[in-house]
Each structure stands twice: as C-alpha cells, then as structure tokens.
1. For the subset of region 29-46 comprising residues that are buried (at least 19 other Cβ atoms within 10 Å of the Cβ) and touching a helix residue (DSSP H, G or I) at 6+ places or on another chain (Cβ under 6 Å), which member is farthest from residue 87 (Cα to Cα)?
2. Tell me, please, whether a residue that is surrounded by 12 or more Cβ atoms within 10 Å (Cβ to Cβ) and at positive phi can be found in region 58-66.
C-alpha cells in the first residue's frame, strides 16, 4: 500500500532544486512515478513537497541506506528523501 503524504515545507537532500527541464505538473509526475519508487526496498511512501520554495518529490524512507538508491531528479523535479523509519498501518 502506497502512503501518499503532502508536506508544506522541507529541506532538500542536496540535489539541485528548480530544474528548468520540468514539462509536467508535479501531481502528474508523482502519480506516474510512485509505483517505481515504491518498488525500491526501504521506500515507505511518496508525495510532493516544497524544497527551498520549489516543488519537489518527497520520498519517505526507512533508513539512510535507502537514499543512495534514489534518483536525484525525476522529470525535472528534485527528489528529496526523509527518513521516517518503518511505517505501519493500524486496524480498529
């Protein structure tokens, strides 16, 4: 199950933000690229955020070792990772 989260403000993972090669709205890129990102072991969720006031793709990861398996950019948007630890669901 993909966890989609939206965050209002954040710091980038060191990749350049605001690439001029952006040709699609970030919502389309996140929707199209989430399945491939979720197949990377240790990725817990994918969403969109602002990194240095520029839209970016936020990837939530279980630990820092996953960061090296993520692309720096997708479709012109910076990919920014946040370590969340394991994310689980609860049932009533």
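Readers should treat all values here as calculations from the given coordinates under stated rules, not as data from a laboratory. These numbers come from a predicted model, not from an experiment. All Cβ positions, even for glycine, are placed from backbone atoms using ideal geometry, and neighbour counts span all protein chains on display.
1. The qualifying residue farthest from residue 87 (Cα to Cα) is 46.
2. No, there is no match, as no residue in region 58-66 is surrounded by 12 or more Cβ atoms within 10 Å (Cβ to Cβ) and at positive phi.
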